[in-house]
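The values are calculated or read from the model by the stated rules, or taken from the named source; none is laboratory data. Computed from a prediction, not measured in an experiment: that's the story for all the values here. We place every Cβ from the backbone using ideal geometry, glycine too, and count neighbours over all the protein chains shown. When the accessible area is computed, the model is the full protein with side chains, heavy atoms only, and any ligands, DNA or RNA have been set aside. Shrake-Rupley method; radii C 1.70, N 1.55, O 1.52, S 1.80 Å.
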Amino acid sequence: MSFARFSSDFLMETFTLVDNLFINEHLPYCDEKQIKVYLYGLFLCSNPANDNSVDALCAKLDMTESAILSTYGYFEDMGLVRIISQKPLEVKYLSLKKSMQPPKKYKGEKWNDFNAHLQQLFPERMLTPNEYNEFYMFLDESKMEQDAMLMIVQYCIDLKGMNVRYPYILTVARNWASDGVRNASDVEDKLKEYDTQSEQMRTVLAALGRKGAAELEDKQMLLKWTRVWGYELDAILTAIKTLKGGKSFNKLDARLDEFYRMSIFTAAEMNDYRAHHEHLRNLALSVNKNLGVFYESFDHEIEVYIVPWTAKGFSDDALVKIAHHCFITNVRTLDGMNNVVNKFYAQGLLTSESIDEYLHTQIVTDGKIKKIIEKSGRSRAVTQSDREYYRTWTVVWGFDDSVILYAAEMSVGKTYPTPYINQLLSGYKSKGVTTVEDAKKISPVIPEQTRKANFEERSYTKEELQSIVTSIDSLKDAKV
């Protein structure tokens, strides 16, 4: 442990140095979140006293861990960082000067024509050796033809202007290579795809409230939505209407990805989903009100609790009633309510009416059990064990309340009344006693010491015991 360290005030008054190479070669081609991740990570490297866990980074930048990992993956491709570990996330920032050095030497003869044509595309400035080297490495790795690469460079210049830098061009080339673009003919086909979707793009841009021309990333997204995912234009426009707050291509992409994962493809299906989602939101609000909880966002609750509950077949009124029941019985969390919901589901109680009937039956039954407890000379609340005993005595053994109450009277003064009632009723059952009159004619349970004296012990083989155990286990299924 260091014996000395900077105060937080001192650290906040210092500076984080950003290499000009990053500002000149990379920053113009990064989006807002990529810049935030790189700069804040650089700040954490310079100030180790700060909490630089990935959770803290997610909270500070309002990003998910997967988004941060993806961003660092991009910077790793650029040679700016190295991802040491993904779980837990550990990133090492690298020297930008080393990242600009050619890792491999190439023979000039192979690239003479390519170099000449590439430089002609940038008449206002001279390309650096490092830029050439980056193109060489990409062409070697992707097996893309030189003519195709030159066409992509020209396309990027037309789109971004003469100041476009190689990281952006290579990003485009990598995306197209992943779509199978390898030669000039493939590039022409890709450009034709962009041309044919121009009218669709104008419509989408207008629906998003965007002015100006579409970016290349926008065109690639639209192609993915229409050609890969199979969305028609009317479905895309309907998805735009579901967006809240600021509308953008990234938000639309996320919403269509959500619909795609749920196999929702048409405008009609999206409209049905919107109405259903609003219904689920209102249901969540009613559940929370009756349960006594409050959440600003309902998305997590709907996904984890409301949707599974409704999928089980519970009516809205039933869930609201269960929430109110939970509140009265001091169950004040959604997880606690989920346990209660599962118990009702196991009993097949899915409607408000069936739950009302069940609760009324339980109240009546508890009243009967309360009388049995009082008859045995005690005064206490009914427990779950009492309910299980009563169910066994009535449903399984077949006794009516009069016989059970008589057995309770016989147990007055006993140290353990309930076990004594069990013994009495077990004896009645073995003798076929079903009425109070018959119960009065037989002797009470034989005391433990007398039973031991008169009881003839028997011995059993291992096979007989195993058979008995199996037989007893089968009693678990004898539920009513």
Test residue 231 against the stated conditions and say whether it is of a type in the set (Ser, Thr, Tyr), more than 25 Å from residue 71 (Cβ to Cβ) and surrounded by 13 or more Cβ atoms within 10 Å (Cβ to Cβ). yes
What pairs come up if the first residue lies in segment 325-353 and is touching a residue at least 24 places away in the same chain (Cβ under 8 Å) and under 16 Å from residue 289 (Cβ atoms), the second is open to solvent by less than 40 Å² (accessible area, probe 1.4 Å) and of a type in the set (Phe, Trp, Tyr), and their beta carbons are under 8 Å apart, counting only those six or more places apart or on different chains? 334/305; 337/305
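I'm checking my understanding of the structure. Among residues of segment 379-407 that are assigned to a helix (DSSP H, G or I) and in contact with an Asp or Glu (Cβ under 8 Å, 6 or more places away or on another chain), which one is surrounded by the most Cβ atoms within 10 Å (Cβ to Cβ)?
Taking segment 379-407 as the starting set, the residues that turn out to be assigned to a helix (DSSP H, G or I) are 384-396, 401-407.
Now restrict to residues that are in contact with an Asp or Glu (Cβ under 8 Å, 6 or more places away or on another chain): 387, 394.
Working: 387: 14, 394: 17.
This residue is 394.
Quick one: in segment 354-373, which of the residues that are over 16 Å from residue 395 (Cβ atoms) and β-branched (Val, Ile, Thr) is surrounded by the most Cβ atoms within 10 Å (Cβ to Cβ)?
355
Considering only segment 15-47, how many residues are under 30 Å from the mean Cα position of the chain (by Cα), part of a helix (DSSP H, G or I) and among the hydrophobic types (A, V, I, L, M, F, W, C)?
Let us first name the residues in segment 15-47 that are under 30 Å from the mean Cα position of the chain (by Cα), namely 30-41, 44.
So of that shortlist, the ones also part of a helix (DSSP H, G or I) come out as 32-41, 44.
Still in the list and also among the hydrophobic types (A, V, I, L, M, F, W, C): 35, 37, 39, 44.
Adding up the residues that qualify gives 4.
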Regarding segment 333-350, can at least one residue be identified that is open to solvent by less than 50 Å² (accessible area, probe 1.4 Å), among the aromatic types (Phe, Trp, Tyr) and either in a helix (DSSP H, G or I) or in contact with a Leu (Cβ under 9 Å, 6 or more places away or on another chain) (or both)? yes
Go through (1) in contact with a Phe, Trp or Tyr (Cβ under 9 Å, 6 or more places away or on another chain); (2) open to solvent by 50 Å² or more (accessible area, probe 1.4 Å); (3) without any contact (Cβ under 8 Å) to a residue 24 or more places away in the chain and name the single condition residue 158 misses. (1)
Here's a check for you: in segment 256-293, which residue that is open to solvent by less than 60 Å² (accessible area, probe 1.4 Å) and charged (D, E, K, R) is modelled with the highest pLDDT? 257
